[in-house]
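Working notes for the structure below.
The values are calculated or read from the model by the stated rules, or taken from the named source; none is laboratory data. The structure displayed is predicted, hence computed values, not measured ones. Using ideal geometry, Cβ is built from the backbone for each residue, glycine included, and neighbour counts are taken over all protein chains shown.
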Amino acid sequence: MTEWNDLENPELKKIFRKQLLRGLFFLLFLVCFIFVIALSFEPQIRLFASWLTENFGFAGISLSVFIADLIISPIPPDAALFFIGQSPMHAQWILWVPLLGLVSTAAGICGWMIGRRLQHFSFFKKIMMTFSREHKGSIKRFGFWMVVIGALTPLPFSLTCWLAGVLKLPIQTFALAALVRVPRFVLYYWAIFYSSEVGSLLRNFF
């Protein structure tokens, strides 16, 4: 796999460091935010999470993740992890959370297809390049790893997927990189509910 050779590229290393640092700050912010929200509204959140899962089940939560990762949404897909953690699904999270990762991967593949279909329209291509000027060159040079970075970090995953389609990144390469969403969801869930640093505090309120 020639992509492994790209890891020695100084430019890619710089991008990795920058985006992974952003990802770490985002995860810390997410954990702190959930802690504060849970501390303030724990009974209401539990009630809403139970209502959500009882009325819409895993299918409803999956749909929210799919939409959030298909389009550029103000609501991150990580919100679904919070509702699973507050609902009876938490007891079997090791099943549900990886499945959400697969749903997110499927949304990314659909985003790639959208990019491939609409890249023939000059207005769409111009819009995508305008919004993605910072990452266009990087995706052209390091397509696989830029998708991995988009899957792991707060870099908009949907935007990365659309742009990968526009730039004709091979579907096999793209899908393999997008599967990183599965361990990413597991890692985020574990960090929120089980990490040794904050897990003991969070579990007192969840």
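Worth pointing out:
- Residues of segment 114-129 satisfying the condition of being touching a helix residue (DSSP H, G or I) at 6+ places or on another chain (Cβ under 8 Å), at pLDDT below 75 and part of a helix (DSSP H, G or I): PHE124, LYS125, MET128, MET129
- Residue within segment 167-177 that is within 20 Å of the chain's Cα centre (by Cα), farther than 21 Å from LYS14 by Cα, buried (at least 19 other Cβ atoms within 10 Å of the Cβ) and at pLDDT 80 or above present: yes
- Of the residues making up segment 130-145, none is of a type in the set (A, V, I, L, M), modelled with pLDDT under 80 and crowded, with 22+ Cβ neighbours inside 10 Å.
- With respect to the stated conditions, LEU95 is within 20 Å of PRO183 (Cα to Cα) and free of Cβ contacts under 8 Å to residues at least 24 places away in the same chain.
- The selection criterion, being aromatic (Phe, Trp, Tyr), modelled with pLDDT of 90 or more and under 22 Å from LEU63 (Cβ atoms), does not hold for PHE157.
- Residue in segment 85-100 that is in contact with a Cys (Cβ under 7 Å, 6 or more places away or on another chain) and crowded, with 17+ Cβ neighbours inside 10 Å present: no
- Residue in segment 7-18 that is closer than 22 Å to PHE193 by Cα and either under 21 Å from the mean Cα position of the chain (by Cα) or at pLDDT 70 or above (or both) present: no
- Which listed residue, of PRO77, PRO98, is more than 17 Å from THR173 (Cα to Cα), assigned to a loop (DSSP other than H, G, I, E, B), at pLDDT 75 or above and out of contact with any Gly (no Cβ under 9 Å at 6 or more places or on another chain): PRO77
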